[in-house]
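*Asks:* Just passing along the structure, written as C-alpha coordinates.
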Amino acid sequence: MPELPEVENVRAGLEMRLTGRTIEKVEVYWDNIIASPAIDEFCERLKGQQFERIERRGKFLLFFLTDVAILSHLRMEGKYQIVPHATPRTKHTHVIFHLDYEDDLRYLDVRKFGRLSLVEKSNIYQHPSLQKLGPEPTDEALSVYAMQQFLKSRTKSIKGVLLDQSMVAGLGNIYVDEVLFRAGIHPETPGKQVKYQQLEILREAIIKVMKEALQAGGTTIRTYANSFGDPGHYQDFLQVYGKKGKPCPNCHTPIQKIKVAGRGTHFCPHCQKLPQKAEGVTP
DNA sequence: AACGCTGCCTGTGGGC
DNA sequence: TGCCCACAGGCAGCGT
(Lines give C-alpha, C1' and ligand atoms only; values in the text may rest on other atoms or scores of the structure.)
Protein backbone atom coordinates (compact mmCIF):
# COMPACT_ATOMS: atom_id res chain seq x y z
CA MET A 1 0.00 0.00 0.00
CA PRO A 2 1.53 3.30 -1.01
CA GLU A 3 2.32 5.51 1.99
CA LEU A 4 4.27 8.77 1.97
CA PRO A 5 7.66 7.39 0.81
CA GLU A 6 6.05 5.45 -2.03
CA VAL A 7 3.84 8.36 -3.12
CA GLU A 8 6.82 10.74 -3.09
CA ASN A 9 8.73 8.30 -5.26
CA VAL A 10 5.83 8.14 -7.71
CA ARG A 11 5.58 11.94 -7.67
CA ALA A 12 9.23 12.47 -8.53
CA GLY A 13 9.11 9.99 -11.40
CA LEU A 14 5.90 11.43 -12.85
CA GLU A 15 7.10 15.01 -12.59
CA MET A 16 10.29 14.13 -14.43
CA ARG A 17 8.41 12.45 -17.23
CA LEU A 18 5.18 14.51 -17.51
CA THR A 19 6.26 18.14 -17.18
CA GLY A 20 5.50 19.92 -20.44
CA ARG A 21 3.40 17.08 -21.82
CA THR A 22 -0.15 17.78 -23.08
CA ILE A 23 -3.33 15.78 -22.48
CA GLU A 24 -5.17 15.26 -25.77
CA LYS A 25 -8.05 13.10 -24.56
CA VAL A 26 -9.21 11.26 -21.41
CA GLU A 27 -11.03 7.92 -21.19
CA VAL A 28 -12.60 6.57 -17.99
CA TYR A 29 -13.42 2.86 -17.70
CA TRP A 30 -14.61 2.77 -14.06
CA ASP A 31 -16.75 5.73 -13.11
CA ASN A 32 -16.29 5.57 -9.33
CA ILE A 33 -12.59 6.32 -9.69
CA ILE A 34 -13.59 9.90 -10.57
CA ALA A 35 -14.82 11.46 -7.32
CA SER A 36 -15.73 14.78 -8.95
CA PRO A 37 -16.93 16.41 -11.14
CA ALA A 38 -19.13 14.31 -13.48
CA ILE A 39 -17.15 12.09 -15.87
CA ASP A 40 -17.99 14.18 -18.97
CA GLU A 41 -16.83 17.40 -17.36
CA PHE A 42 -13.71 15.72 -15.97
CA CYS A 43 -12.67 14.52 -19.45
CA GLU A 44 -13.68 17.70 -21.27
CA ARG A 45 -11.87 20.15 -19.01
CA LEU A 46 -8.61 18.20 -19.19
CA LYS A 47 -8.42 18.34 -22.98
CA GLY A 48 -5.46 20.43 -24.11
CA GLN A 49 -4.14 20.91 -20.59
CA GLN A 50 -0.37 20.80 -20.11
CA PHE A 51 1.41 19.41 -17.00
CA GLU A 52 3.26 22.18 -15.15
CA ARG A 53 4.40 20.44 -11.96
CA ILE A 54 3.40 17.70 -9.54
CA GLU A 55 3.29 18.14 -5.78
CA ARG A 56 2.54 15.79 -2.89
CA ARG A 57 0.71 16.43 0.38
CA GLY A 58 0.52 13.47 2.76
CA LYS A 59 -0.40 10.56 0.52
CA PHE A 60 -2.15 12.79 -2.05
CA LEU A 61 -0.70 13.66 -5.46
CA LEU A 62 -1.44 17.15 -6.83
CA PHE A 63 -1.10 17.51 -10.58
CA PHE A 64 -0.93 21.19 -11.62
CA LEU A 65 -1.93 21.75 -15.25
CA THR A 66 -2.37 24.89 -17.37
CA ASP A 67 -5.75 25.97 -15.94
CA VAL A 68 -6.86 23.21 -13.57
CA ALA A 69 -5.44 20.66 -11.14
CA ILE A 70 -6.01 16.98 -10.38
CA LEU A 71 -6.10 15.67 -6.82
CA SER A 72 -5.24 11.96 -6.77
CA HIS A 73 -5.13 9.34 -4.02
CA LEU A 74 -3.78 5.85 -4.74
CA ARG A 75 -5.39 4.31 -1.62
CA MET A 76 -4.45 0.61 -1.50
CA GLU A 77 -3.22 -0.38 -4.92
CA GLY A 78 -3.38 2.58 -7.28
CA LYS A 79 -0.54 2.92 -9.80
CA TYR A 80 0.46 5.21 -12.65
CA GLN A 81 2.31 4.12 -15.75
CA ILE A 82 3.42 5.89 -18.90
CA VAL A 83 3.24 3.64 -21.95
CA PRO A 84 2.82 3.94 -25.73
CA HIS A 85 -0.79 4.30 -27.04
CA ALA A 86 -0.50 0.89 -28.68
CA THR A 87 0.00 -0.96 -25.38
CA PRO A 88 -2.97 -3.30 -24.77
CA ARG A 89 -5.26 -2.13 -21.96
CA THR A 90 -5.20 -4.53 -18.99
CA LYS A 91 -8.35 -5.26 -16.99
CA HIS A 92 -7.15 -3.11 -14.09
CA THR A 93 -6.61 0.03 -16.20
CA HIS A 94 -9.41 2.43 -15.26
CA VAL A 95 -8.35 5.84 -16.60
CA ILE A 96 -6.29 6.65 -19.70
CA PHE A 97 -4.91 10.14 -20.32
CA HIS A 98 -3.88 10.25 -23.99
CA LEU A 99 -0.76 12.42 -24.23
CA ASP A 100 1.12 13.96 -27.13
CA TYR A 101 3.77 11.94 -28.98
CA GLU A 102 1.75 8.69 -28.95
CA ASP A 103 2.04 8.09 -25.20
CA ASP A 104 -0.54 7.42 -22.47
CA LEU A 105 -0.57 8.19 -18.78
CA ARG A 106 -2.60 5.32 -17.31
CA TYR A 107 -4.16 4.84 -13.89
CA LEU A 108 -4.35 1.20 -12.74
CA ASP A 109 -6.01 -0.05 -9.56
CA VAL A 110 -6.85 -3.69 -8.76
CA ARG A 111 -9.10 -2.77 -5.83
CA LYS A 112 -10.66 0.33 -7.43
CA PHE A 113 -10.27 2.21 -4.12
CA GLY A 114 -8.25 5.12 -5.54
CA ARG A 115 -9.91 8.44 -6.39
CA LEU A 116 -9.25 11.34 -8.78
CA SER A 117 -10.80 14.81 -8.52
CA LEU A 118 -10.56 17.74 -10.91
CA VAL A 119 -10.19 20.90 -8.83
CA GLU A 120 -9.49 24.60 -9.33
CA LYS A 121 -5.78 25.34 -9.08
CA SER A 122 -6.29 28.42 -6.92
CA ASN A 123 -8.09 26.68 -4.08
CA ILE A 124 -6.77 23.13 -4.22
CA TYR A 125 -5.29 23.47 -0.71
CA GLN A 126 -8.78 24.40 0.55
CA HIS A 127 -10.06 20.99 -0.58
CA PRO A 128 -11.59 19.21 2.47
CA SER A 129 -9.33 16.18 2.02
CA LEU A 130 -6.21 18.34 2.27
CA GLN A 131 -7.62 20.57 5.04
CA LYS A 132 -7.90 17.55 7.32
CA LEU A 133 -4.21 16.70 7.04
CA GLY A 134 -1.75 17.35 9.83
CA PRO A 135 1.80 18.57 9.14
CA GLU A 136 4.27 16.69 6.96
CA PRO A 137 6.56 14.35 8.92
CA THR A 138 9.64 16.54 8.57
CA ASP A 139 11.98 18.20 11.04
CA GLU A 140 10.69 21.66 10.06
CA ALA A 141 6.94 20.92 10.04
CA LEU A 142 6.38 18.46 12.89
CA SER A 143 6.76 19.69 16.46
CA VAL A 144 6.53 17.77 19.73
CA TYR A 145 4.51 20.63 21.20
CA ALA A 146 1.84 20.38 18.46
CA MET A 147 1.69 16.61 18.92
CA GLN A 148 1.24 17.05 22.67
CA GLN A 149 -1.56 19.61 22.19
CA PHE A 150 -3.26 17.36 19.67
CA LEU A 151 -3.13 14.27 21.90
CA LYS A 152 -4.39 16.03 25.05
CA SER A 153 -8.02 15.35 24.17
CA ARG A 154 -7.59 11.97 22.42
CA THR A 155 -8.74 8.82 24.16
CA LYS A 156 -8.28 6.56 21.16
CA SER A 157 -5.16 4.47 20.62
CA ILE A 158 -1.95 6.11 19.44
CA LYS A 159 -2.06 3.72 16.47
CA GLY A 160 -5.55 4.97 15.55
CA VAL A 161 -4.33 8.58 15.85
CA LEU A 162 -1.31 7.99 13.60
CA LEU A 163 -3.48 6.28 10.97
CA ASP A 164 -6.03 9.08 10.70
CA GLN A 165 -3.62 11.67 9.19
CA SER A 166 -4.77 14.65 11.27
CA MET A 167 -1.87 14.79 13.76
CA VAL A 168 0.76 13.99 11.15
CA ALA A 169 0.22 13.20 7.45
CA GLY A 170 1.57 10.34 5.38
CA LEU A 171 1.88 7.26 7.58
CA GLY A 172 -0.13 4.10 6.86
CA ASN A 173 -0.39 0.71 8.52
CA ILE A 174 3.17 -0.46 7.81
CA TYR A 175 5.04 2.65 8.94
CA VAL A 176 2.82 3.18 11.99
CA ASP A 177 3.82 -0.25 13.32
CA GLU A 178 7.47 0.48 12.53
CA VAL A 179 7.62 3.90 14.24
CA LEU A 180 5.76 2.71 17.34
CA PHE A 181 8.24 -0.16 17.67
CA ARG A 182 11.19 2.18 17.30
CA ALA A 183 9.69 4.52 19.91
CA GLY A 184 8.91 1.66 22.31
CA ILE A 185 5.21 2.59 22.50
CA HIS A 186 2.45 -0.03 22.71
CA PRO A 187 0.03 0.57 19.79
CA GLU A 188 -3.02 0.45 22.09
CA THR A 189 -1.71 3.20 24.38
CA PRO A 190 -4.42 5.90 24.59
CA GLY A 191 -3.20 9.03 22.81
CA LYS A 192 -3.43 11.25 25.88
CA GLN A 193 -1.34 8.81 27.93
CA VAL A 194 1.76 9.03 25.75
CA LYS A 195 4.34 10.90 27.84
CA TYR A 196 6.14 13.99 26.54
CA GLN A 197 9.48 12.20 26.61
CA GLN A 198 8.02 9.36 24.52
CA LEU A 199 6.59 11.92 22.09
CA GLU A 200 10.06 13.32 21.49
CA ILE A 201 11.28 9.81 20.62
CA LEU A 202 8.18 9.12 18.50
CA ARG A 203 8.70 12.33 16.52
CA GLU A 204 12.32 11.42 15.80
CA ALA A 205 11.30 7.88 14.78
CA ILE A 206 8.62 9.17 12.40
CA ILE A 207 10.99 11.60 10.69
CA LYS A 208 13.81 9.05 10.47
CA VAL A 209 11.70 6.15 9.15
CA MET A 210 10.04 8.34 6.50
CA LYS A 211 13.45 9.60 5.35
CA GLU A 212 15.07 6.17 5.24
CA ALA A 213 12.10 4.57 3.47
CA LEU A 214 12.07 7.36 0.88
CA GLN A 215 15.78 6.86 0.21
CA ALA A 216 15.21 3.10 -0.16
CA GLY A 217 12.58 3.78 -2.84
CA GLY A 218 9.70 2.83 -0.54
CA THR A 219 8.42 -0.55 0.64
CA THR A 220 7.17 -3.27 -1.71
CA ILE A 221 5.15 -5.92 0.15
CA ARG A 222 2.98 -7.23 -2.63
CA THR A 223 2.65 -5.01 -5.62
CA TYR A 224 3.97 -1.48 -5.11
CA ALA A 225 6.01 -0.06 -8.01
CA ASN A 226 6.78 3.52 -9.02
CA SER A 227 5.91 4.98 -12.43
CA PHE A 228 8.96 3.28 -13.94
CA GLY A 229 7.73 -0.09 -12.63
CA ASP A 230 10.55 -0.31 -10.07
CA PRO A 231 9.86 -1.84 -6.62
CA GLY A 232 11.15 -0.34 -3.35
CA HIS A 233 13.67 -1.92 -0.96
CA TYR A 234 12.62 -0.74 2.50
CA GLN A 235 10.88 -4.09 3.14
CA ASP A 236 14.41 -5.39 3.88
CA PHE A 237 14.62 -2.98 6.84
CA LEU A 238 11.21 -3.57 8.45
CA GLN A 239 11.55 -4.64 12.08
CA VAL A 240 8.01 -5.71 13.03
CA TYR A 241 5.54 -5.36 10.14
CA GLY A 242 4.80 -8.83 8.73
CA LYS A 243 7.15 -10.43 11.32
CA LYS A 244 4.56 -12.29 13.44
CA GLY A 245 6.31 -15.01 15.48
CA LYS A 246 9.79 -13.86 14.45
CA PRO A 247 12.22 -12.73 17.18
CA CYS A 248 12.25 -9.04 18.13
CA PRO A 249 15.49 -7.44 16.82
CA ASN A 250 16.13 -6.02 20.33
CA CYS A 251 15.12 -8.73 22.81
CA HIS A 252 14.24 -11.84 20.74
CA THR A 253 10.71 -12.06 22.18
CA PRO A 254 8.37 -13.30 19.40
CA ILE A 255 6.59 -10.43 17.59
CA GLN A 256 2.84 -10.50 18.19
CA LYS A 257 0.05 -9.67 15.75
CA ILE A 258 -3.17 -8.22 17.15
CA LYS A 259 -5.97 -5.98 15.84
CA VAL A 260 -5.86 -2.28 16.76
CA ALA A 261 -8.10 0.41 15.26
CA GLY A 262 -9.44 -2.31 12.98
CA ARG A 263 -6.02 -3.00 11.46
CA GLY A 264 -3.54 -5.85 11.66
CA THR A 265 -0.91 -4.62 14.14
CA HIS A 266 2.58 -5.97 14.82
CA PHE A 267 4.52 -5.20 17.99
CA CYS A 268 6.96 -6.59 20.58
CA PRO A 269 5.16 -7.32 23.87
CA HIS A 270 8.42 -6.88 25.80
CA CYS A 271 9.74 -3.65 24.24
CA GLN A 272 6.32 -1.97 23.84
CA LYS A 273 4.42 -2.05 27.16
CA LEU A 274 1.11 -0.40 27.97
CA PRO A 275 1.41 2.27 30.68
CA GLN A 276 0.43 0.92 34.11
CA LYS A 277 -2.56 2.44 35.88
CA ALA A 278 -1.79 4.45 39.03
CA GLU A 279 -4.54 2.73 41.04
CA GLY A 280 -3.83 -0.45 42.96
CA VAL A 281 -0.61 0.79 44.50
CA THR A 282 -0.22 -0.61 47.99
CA PRO A 283 -0.02 2.06 50.73
C1' DA B 1 -15.42 17.60 19.35
C1' DA B 2 -14.21 13.05 19.04
C1' DC B 3 -15.15 8.51 17.94
C1' DG B 4 -16.73 4.39 15.62
C1' DC B 5 -19.09 2.19 12.07
C1' DT B 6 -20.09 1.21 7.01
C1' DG B 7 -19.25 1.10 2.08
C1' DC B 8 -16.19 0.94 -1.50
C1' DC B 9 -13.46 -3.45 -4.11
C1' DT B 10 -10.93 -7.90 -5.63
C1' DG B 11 -7.11 -11.14 -4.92
C1' DT B 12 -5.29 -14.16 -1.60
C1' DG B 13 -4.92 -17.86 1.45
C1' DG B 14 -6.57 -20.60 5.43
C1' DG B 15 -9.69 -24.18 6.57
C1' DC B 16 -11.97 -28.20 5.47
C1' DT C 1 -6.96 -31.05 -4.78
C1' DG C 2 -10.50 -27.82 -5.00
C1' DC C 3 -13.90 -24.96 -3.16
C1' DC C 4 -15.60 -21.26 -0.22
C1' DC C 5 -15.45 -17.44 2.52
C1' DA C 6 -13.17 -14.33 5.64
C1' DC C 7 -9.89 -11.05 5.38
C1' DA C 8 -6.90 -7.20 3.87
C1' DG C 9 -7.02 -1.86 4.25
C1' DG C 10 -7.35 4.27 3.37
C1' DC C 11 -10.59 7.32 3.30
C1' DA C 12 -15.34 9.63 2.97
C1' DG C 13 -19.62 10.00 4.92
C1' DC C 14 -22.61 9.48 8.49
C1' DG C 15 -24.69 8.76 13.13
C1' DT C 16 -24.04 9.26 18.04
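*Asks:* Let me check against my output: what whole-number percent is the relative contact order of chain A, with C-alpha pairs under 8 Å and at least 6 apart? Before the final figure, lay out the partial values.
*Replies:* Working: 558 pairs, mean separation 51.1, N = 283.
Value for chain A: 18 percent.
*Asks:* Where does the longest stretch of chain A lie that holds no chymotrypsin sites (Phe, Trp or Tyr not before Pro) found in a DSSP loop with 13 or fewer other Cβ atoms within 10 Å?
*Replies:* Result, exposed sites excluded: A:102-227.
*Asks:* Could you tell me the convex hull volume per residue, in Å³, taken over the Cα atoms of chain A?
*Replies:* Roughly 140 Å³ of hull volume per residue.
*Asks:* Count the net charge of all other residues whose Cβ sits under 12 Å from the Cβ of A:Pro254, scoring Lys and Arg as +1 and Asp and Glu as -1. Spell out each step's value before the answer.
*Replies:* Working: positive: A:Lys243, A:Lys244, A:Lys246, A:Lys257; negative: none.
With Lys, Arg at +1 and Asp, Glu at -1, the neighbours total +4.
*Asks:* Next question, about the same structure. For region A:141-180, what % of the accessible area comes from carbon and sulfur atoms, probe 1.4 Å?
*Replies:* 55
*Asks:* Return the calculated 222 nm mean residue ellipticity for chain A, to the nearest 500 deg cm²/dmol, obtained by summing -39500 (n - 2.57) across DSSP H runs with n ≥ 4 and dividing by the residue count.
*Replies:* -7500 deg cm²/dmol
*Asks:* Can you give me the relative contact order of region A:144-267 as a percent, contacts being Cα pairs under 8 Å and 6 or more apart?
*Replies:* So the answer I get is 24 percent.
*Asks:* Note down the relative contact order for region A:69-132 as a percent, whole number, built from C-alpha pairs under 8 angstrom at least six residues apart.
*Replies:* For region A:69-132, the relative contact order is 44 percent.
*Asks:* Hydropathy at least 0.5 by Kyte-Doolittle, axial extent at least 15 angstrom from the Cα trace: which helices of chain A, defined as entire DSSP H runs, fit?
*Replies:* TM-like helix candidates: nothing returned.
*Asks:* A follow-up question, please. For region A:69-178, which GluC sites (Glu not before Pro) are both in a DSSP coil and crowded by at most 12 other Cβ atoms within 10 Å? Spell out each step's value before the answer.
*Replies:* Values: sites: A:Glu77, A:Glu102, A:Glu120, A:Glu140, A:Glu178; in loops: A:Glu77, A:Glu102, A:Glu140.
Loop-located and lightly packed - A:Glu102, A:Glu140.
*Asks:* Still on this model: Whole percent per 10 Å bin, from 0 to the bin with the longest distance: what is P(r) over all C-alpha pairs of region A:4-131?
*Replies:* Spelled out bin by bin, region A:4-131 gives 13, 49, 36, 2 percent.
*Asks:* Now a separate question. Obtain the nm distance between the two label points defined at A:Val110 and A:Thr90 by a simple spin-label model: each point lies 7 Å from its Cα along the Cα-to-C-beta direction.
*Replies:* 0.9
*Asks:* Could you compute how much accessible surface A:Arg17 exposes when probed at 1.4 Å, giving the result in Å² to the nearest 10?
*Replies:* Accessible area of A:Arg17: about 70 Å².
*Asks:* Sticking with this structure for a sec: Largest first, how would A:Lys244, A:Lys25, A:Lys273 line up by accessible area (1.4 Å probe)?
*Replies:* Greatest to least solvent exposure: A:Lys244, A:Lys273, A:Lys25.
*Asks:* Work out Dmax and Rg for region A:138-254 from the C-alpha atoms and quote the Rg first, both in angstrom.
*Replies:* 14.7, 43
*Asks:* Here's something else I'd like to know. At a Cα cut-off below 12 Å, give the aspartates and glutamates reachable from A:Lys208, other chains included and same-chain residues fewer than 8 away excluded.
*Replies:* Partners within reach: A:Asp139, A:Glu178.
*Asks:* While we're here: Within region A:13-31, name every residue whose backbone N is under 17 Å away from a label modeled 7 Å from Cα of A:Asp40 along the Cβ vector.
*Replies:* A:26-29, A:31
*Asks:* Determine the gain in length on full extension of the stretch A:Lys273-A:Phe237; use 0.36 nm per residue of separation and subtract their C-alpha separation, reporting nm with one decimal. Numbers along the way, then the final one.
*Replies:* Working: separation 36, 0.36 × 36 = 12.96 nm, distance 2.27 nm.
Between A:Lys273 and A:Phe237, full extension yields an extra 10.7 nm.
*Asks:* If you don't mind, another one. If I take R0 = 22 Å and measure r between the Cβ atoms of A:Lys192 and A:Lys259 in this structure, what FRET efficiency does the formula 1/(1 + (r/R0)^6) give, to the nearest 0.05? Numbers along the way, then the final one.
*Replies:* On the way: r = 22 Å, r/R0 = 0.98.
Computed FRET efficiency for A:Lys192 and A:Lys259: 0.55.
*Asks:* With all protein chains present and a 1.4 Å probe, how do A:Ser153, A:Ser117 order by accessible area, largest first?
*Replies:* A:Ser153, A:Ser117
*Asks:* Turning to a different aspect of this structure: Only Lys, Arg, Asp and Glu count, each charged at its Cβ (+1, +1, -1, -1), so figure out the dipole size of chain A about its Cα centre, rounded to 20 debye.
*Replies:* Using Cβ point charges on Lys, Arg, Asp and Glu, chain A gives about 1360 debye.
*Asks:* May I ask for the net charge around A:Thr93, where only other residues with Cβ less than 10 Å from the Cβ of A:Thr93 are counted and Lys, Arg are +1 while Asp, Glu are -1?
*Replies:* Taking every other residue near A:Thr93 into account, the sum is +1.
*Asks:* Probe radius 1.4 Å, ligands and nucleic acids ignored: give me the carbon and sulfur share of the accessible area of region A:4-131 as a rounded percent.
*Replies:* Answer for region A:4-131 is 49 percent, counting heavy atoms of protein chains only.
*Asks:* I need the shape label for region A:60-107. Rule: rounded when a/c is under 1.5, else prolate if a/b > b/c, else oblate, with a, b, c from the alpha carbon gyration tensor.
*Replies:* Oblate.
The values are calculated or read from the model by the stated rules, or taken from the named source; none is laboratory data. Keep in mind the model is a prediction, meaning the values are calculated, not measured. A quick note on method: Cβ atoms are made from the backbone with ideal geometry, for glycine too, and the neighbour counts reach across all protein chains shown. For the accessible areas, the whole protein counts, side chains as well, though only heavy atoms, and no ligand, DNA or RNA atoms are used. Shrake-Rupley method; radii C 1.70, N 1.55, O 1.52, S 1.80 Å.
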